[in-house]
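Trainee: One structure follows; several queries about it will come next.
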């Protein structure tokens, strides 16, 4: 007992000495608490980077050219940068250099062999892009009758868990995805929602990949690969879509769709969508990452009920929409087929919707222009209060092109005509944006892709206790005590081409 009391007495004396020293009292006033410097916050990862591993899943016009009038498929990289830089594109052992001027772009033609046509096979067919300074990269695969493109995600922004986003048709086969490895000895585990040529539905299988190797999985029938789980023990790039699908299923005509997927860890909870210019309606697909996912929408009631992990729901809209989820979700917006309305333009395309949490404030990006179309468009979503400060190529946008979403939403959506080439979009608050273009009869080809996205969220800055904060807290306490107080249309005579 005596030793315990002595310890308590010694502890009390030490505490008294600590408070006197930290707060300016006693003989040790020069020895205040050591101040620990706050660690520098980790840099925010975005789609603008210096290293990319990419691939292109099968395109019908590559694997079955006779069904596309034997017209070639042109595959391109659009590389844009805010600052001048140089870099390289490596494929199949061949390295092609490129250079980008400040605020400009480089458009590089890719070897036709980049398109994956072999199913359920490991191939050394990844595209590796490197640059000395950060760049944005968009990939476009275009045939005169079928095209689409995607926003490339840099290697530091890749992850190890993905759910496939695709589509399926009762008329056309080829719902698909492809994986590209960034490191040697990467084990990829795949649990398909639809059977492959040799792999059964619902049974997990593994594939071993080395850096630069790819693996494609496509359903040989008409089933949908959406919701397939792809998990890896090292970061991989996953690109999904369909080699030619009609949207809605059974409505003419089919088109290639493709997007690179974000890892589940960077899915979002708040999304905004708006119509493609000149089209009567569009389709949104929402997929859940965890069980028990519900959404609140504007207009109200668009998605009743609950979604579990890997489950999805489609919604057709004619105007703008807001979707707020209790858990992270992935959202794709689909352009519908030419025969879906009287507009006489466009065929299916898929574009991922950037969640509000992953919105950007500054991006330099390239816009692809389809041959023979009337012009390219960009849909932008930003806070209504910040519209007056949103600049496209250093010019404030025309706010009359924007309309508030309505209800309690603080956001507005707008469609801006934009020319092919490099552009910059600058805002004082985060925005989300997508670019698209579509053809007219007889070639109702189309594409759509996101402008840019964040791939990480800044961690909160850690606070450290210093002598000044101890004193401030002590004084505040004393004061309180005293006062109490989401078929190809060809130029042949057979427009309703059977692409099975």
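Trainee: In segment 469-483, is there at least one residue being over 20 Å from the mean Cα position of the chain (by Cα) and either part of a loop (DSSP other than H, G, I, E, B) or modelled with pLDDT of 95 or more (or both)?
Mentor: Scanning segment 469-483, I find no residue that is over 20 Å from the mean Cα position of the chain (by Cα) and either part of a loop (DSSP other than H, G, I, E, B) or modelled with pLDDT of 95 or more (or both), so the answer is no.
Trainee: So if I check each of 404, 417, which one is farther than 28 Å from residue 134 by Cα, touching a strand residue (DSSP E or B) at 6+ places or on another chain (Cβ under 8 Å) and modelled with pLDDT of 95 or more?
Mentor: 404
Trainee: Here are some residues: 329, 396, 367. Which one is more than 16 Å from the chain's Cα centre (by Cα) and buried (at least 22 other Cβ atoms within 10 Å of the Cβ)?
Mentor: Selected residue: 367, the only one of 329, 396, 367 that is more than 16 Å from the chain's Cα centre (by Cα) and buried (at least 22 other Cβ atoms within 10 Å of the Cβ).
Trainee: I want to confirm something. Restricting to segment 164-187 and keeping residues that are at pLDDT 95 or above and more than 20 Å from residue 56 (Cβ to Cβ), which single residue is nearest to the chain's Cα centre (by Cα)?
Mentor: The extreme case among them is 183.
Here is a yes/no grid of residues against (1) in contact with a strand residue (DSSP E or B) (Cβ under 8 Å, 6 or more places away or on another chain); (2) buried (at least 20 other Cβ atoms within 10 Å of the Cβ); (3) part of a loop (DSSP other than H, G, I, E, B):
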residue	(1), (2), (3)
132	yes, no, no
140	yes, yes, no
150	yes, yes, no
161	yes, no, no
166	yes, yes, yes
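Trainee: Let me ask something else. Taking the conditions exactly as written (surrounded by 19 or more Cβ atoms within 10 Å (Cβ to Cβ) and either touching a helix residue (DSSP H, G or I) at 6+ places or on another chain (Cβ under 8 Å) or in a strand (DSSP E or B) (or both)), does residue 313 satisfy them or not?
Mentor: So residue 313 does not fit the description; no.
Trainee: Quick test for you: out of 354, 373, 382, pick the one residue that is buried (at least 23 other Cβ atoms within 10 Å of the Cβ) and part of a loop (DSSP other than H, G, I, E, B).
Mentor: Sole residue among the options that is buried (at least 23 other Cβ atoms within 10 Å of the Cβ) and part of a loop (DSSP other than H, G, I, E, B): 354.
Trainee: Right, next: In this structure, is residue 108 part of a strand (DSSP E or B) and more than 22 Å from residue 236 (Cα to Cα)?
Mentor: For residue 108, the condition - part of a strand (DSSP E or B) and more than 22 Å from residue 236 (Cα to Cα) - is met.
Trainee: Within segment 382-395, does at least one residue satisfy the condition of being modelled with pLDDT under 95 and in contact with a strand residue (DSSP E or B) (Cβ under 9 Å, 6 or more places away or on another chain)?
Mentor: The answer is no; no qualifying residue exists.
The values are calculated or read from the model by the stated rules, or taken from the named source; none is laboratory data. Only a predicted model underlies this, so the values are computations on that prediction, with no experimental measurement involved. Glycine also receives a Cβ, built like all others from the backbone with ideal geometry; neighbour counts cover every protein chain displayed.
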